[in-house]
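Undergrad: Dumping the structure here so I can ask a few things about it.
The values are calculated or read from the model by the stated rules, or taken from the named source; none is laboratory data. What you see is a predicted model, and the numbers here were worked out from it, not measured in a lab. Methodologically, a virtual Cβ is constructed for each residue, glycine included, from the backbone with ideal geometry; neighbour enumeration extends over all protein chains shown.
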Amino acid sequence: MRKILVDLSISQDEFISWYQGHAKSVVATARDGRSVSFPAKILQPFVTREGICGAFEIRFGKDNKFSSIRRLK
(Lines give C-alpha, C1' and ligand atoms only; values in the text may rest on other atoms or scores of the structure.)
Protein backbone atom coordinates (compact mmCIF):
# COMPACT_ATOMS: atom_id res chain seq x y z
CA MET A 1 0.00 0.00 0.00
CA ARG A 2 1.32 3.43 -0.95
CA LYS A 3 1.15 6.39 1.36
CA ILE A 4 1.61 10.09 0.74
CA LEU A 5 2.10 12.85 3.29
CA VAL A 6 0.45 16.20 2.58
CA ASP A 7 0.18 19.46 4.48
CA LEU A 8 -3.19 21.11 3.93
CA SER A 9 -4.54 24.56 4.66
CA ILE A 10 -8.04 24.92 3.21
CA SER A 11 -10.51 27.55 4.37
CA GLN A 12 -13.99 26.40 5.35
CA ASP A 13 -15.55 28.42 2.51
CA GLU A 14 -13.20 26.87 -0.04
CA PHE A 15 -13.95 23.36 1.21
CA ILE A 16 -17.71 23.97 1.23
CA SER A 17 -17.59 25.02 -2.43
CA TRP A 18 -15.73 21.80 -3.24
CA TYR A 19 -18.13 19.71 -1.22
CA GLN A 20 -21.19 21.31 -2.85
CA GLY A 21 -20.01 19.95 -6.17
CA HIS A 22 -17.96 22.75 -7.66
CA ALA A 23 -15.03 20.34 -7.56
CA LYS A 24 -14.98 16.69 -6.63
CA SER A 25 -11.24 16.33 -6.18
CA VAL A 26 -8.52 18.07 -4.23
CA VAL A 27 -5.11 18.38 -5.83
CA ALA A 28 -2.20 18.87 -3.44
CA THR A 29 1.57 18.64 -3.46
CA ALA A 30 2.94 15.90 -1.24
CA ARG A 31 5.94 16.50 0.99
CA ASP A 32 8.11 14.60 -1.49
CA GLY A 33 7.06 16.93 -4.34
CA ARG A 34 4.59 14.62 -6.08
CA SER A 35 1.19 15.92 -7.12
CA VAL A 36 -1.69 13.92 -5.69
CA SER A 37 -5.42 14.07 -6.42
CA PHE A 38 -8.00 12.64 -4.05
CA PRO A 39 -11.77 12.91 -3.45
CA ALA A 40 -12.73 16.05 -1.50
CA LYS A 41 -15.26 14.06 0.53
CA ILE A 42 -12.51 12.18 2.40
CA LEU A 43 -11.66 15.42 4.22
CA GLN A 44 -15.15 15.97 5.64
CA PRO A 45 -14.37 14.45 9.08
CA PHE A 46 -11.54 16.96 9.53
CA VAL A 47 -13.47 20.18 8.79
CA THR A 48 -13.60 22.71 11.63
CA ARG A 49 -14.92 26.26 11.77
CA GLU A 50 -11.54 27.38 10.47
CA GLY A 51 -11.50 24.83 7.63
CA ILE A 52 -8.94 22.06 7.27
CA CYS A 53 -5.41 22.57 8.46
CA GLY A 54 -2.71 20.06 9.28
CA ALA A 55 -0.57 17.19 8.09
CA PHE A 56 -2.26 14.09 6.73
CA GLU A 57 -1.20 10.62 5.66
CA ILE A 58 -3.24 9.36 2.72
CA ARG A 59 -3.04 5.69 1.75
CA PHE A 60 -3.80 4.29 -1.67
CA GLY A 61 -4.28 0.68 -2.72
CA LYS A 62 -2.44 -1.12 -5.51
CA ASP A 63 -5.02 0.22 -7.95
CA ASN A 64 -4.06 3.80 -6.88
CA LYS A 65 -7.51 4.34 -5.39
CA PHE A 66 -8.03 5.96 -2.00
CA SER A 67 -7.86 3.58 0.93
CA SER A 68 -7.61 5.67 4.13
CA ILE A 69 -6.62 9.02 5.61
CA ARG A 70 -5.44 10.05 9.04
CA ARG A 71 -4.32 13.31 10.60
CA LEU A 72 -0.75 13.25 11.83
CA LYS A 73 0.12 14.71 15.22
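Undergrad: In the range 45-54, is there at least one residue being more than 15 Å from Leu8 (Cβ to Cβ) and among the acidic types (Asp, Glu)? So that I can check it myself, show each step before the final result.
TA: Step one: filter the range 45-54 for residues more than 15 Å from Leu8 (Cβ to Cβ), giving 49.
Now narrow it down to the ones that are among the acidic types (Asp, Glu): none.
So far as the range 45-54 goes, no, none of its residues is more than 15 Å from Leu8 (Cβ to Cβ) and among the acidic types (Asp, Glu).
Undergrad: Quickly run through the range 1-50 and pick out the residues that are among the polar types (S, T, N, Q) and either touching a strand residue (DSSP E or B) at 6+ places or on another chain (Cβ under 7 Å) or in contact (Cβ under 8 Å) with a residue 40 or more places away in the chain (or both).
TA: Of everything in the range 1-50, those that are among the polar types (S, T, N, Q) and either touching a strand residue (DSSP E or B) at 6+ places or on another chain (Cβ under 7 Å) or in contact (Cβ under 8 Å) with a residue 40 or more places away in the chain (or both) turn out to be Ser9, Ser11, Gln12, Ser25, Thr29, Ser35, Ser37.
Each row is one residue, and each column tells you yes or no for (1) farther than 18 Å from Phe66 by Cβ; (2) at pLDDT 90 or above; (3) over 10 Å from the mean Cα position of the chain (by Cα).
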residue: Ile10; (1), (2), (3): no, yes, no
residue: Asp13; (1), (2), (3): yes, no, yes
residue: His22; (1), (2), (3): yes, no, yes
residue: Ser25; (1), (2), (3): no, no, no
residue: Phe38; (1), (2), (3): no, no, no
residue: Lys41; (1), (2), (3): no, no, no
residue: Gln44; (1), (2), (3): no, no, no
residue: Arg49; (1), (2), (3): yes, no, yes
residue: Ile52; (1), (2), (3): no, yes, no
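Undergrad: Which count do you get for residues in the range 45-73 that are small (Gly, Ala, Ser) and within 15 Å of Ala30 (Cβ to Cβ)?
TA: The total comes to 2.
Undergrad: With the condition kept exactly as written, say whether any residue in the range 30-53 is surrounded by 13 or more Cβ atoms within 10 Å (Cβ to Cβ), in a strand (DSSP E or B) and either small (Gly, Ala, Ser) or touching a His at 6+ places or on another chain (Cβ under 8 Å) (or both).
TA: yes
Undergrad: Next up: Just the residues that are among the charged types (D, E, K, R) and either in a helix (DSSP H, G or I) or within 17 Å of Asp32 (Cβ to Cβ) (or both), please, taken from the range 54-71.
TA: We begin by selecting, within the range 54-71, every residue among the charged types (D, E, K, R); these are 57, 59, 62-63, 65, 70-71.
Matches in the range 54-71: Glu57, Arg59.
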